[in-house]
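Visitor: Pasting a structure here, questions to come.
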Amino acid sequence: MQVNHSQLEPEGEASDAYSERRNRRVRAVAWVAIGALLITGGGATLLALLFG
């Protein structure tokens, strides 16, 4: 099934507000994912160094 995305997106000023909110949400999720990877990666490295 193929979806035409142009029919799903809102028009006009509402579209700008929607895309701005979506962009902010995508950035927040990306930073949280990066932080989680750094924290867990750093934790794994620390445990490997401590316990060989």
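Visitor: Condition test on E13, is it loosely packed, with under 10 Cβ neighbours inside 10 Å and at pLDDT below 85? Quick ask: steps written out before the conclusion?
Guide: On the way: loosely packed, with under 10 Cβ neighbours inside 10 Å: yes; at pLDDT below 85: yes.
Yes: the conditions hold for E13.
Visitor: Shifting gears a bit: What about T40, is it modelled with pLDDT of 75 or more and within 20 Å of the chain's Cα centre (by Cα)? Lay out the reasoning, then the answer.
Guide: Details: modelled with pLDDT of 75 or more: yes; within 20 Å of the chain's Cα centre (by Cα): yes.
So T40 passes the test.
The values are calculated or read from the model by the stated rules, or taken from the named source; none is laboratory data. All figures in this text were calculated on a predicted structure; none of them were measured in a lab. Glycine also receives a Cβ, built like all others from the backbone with ideal geometry; neighbour counts cover every protein chain displayed.
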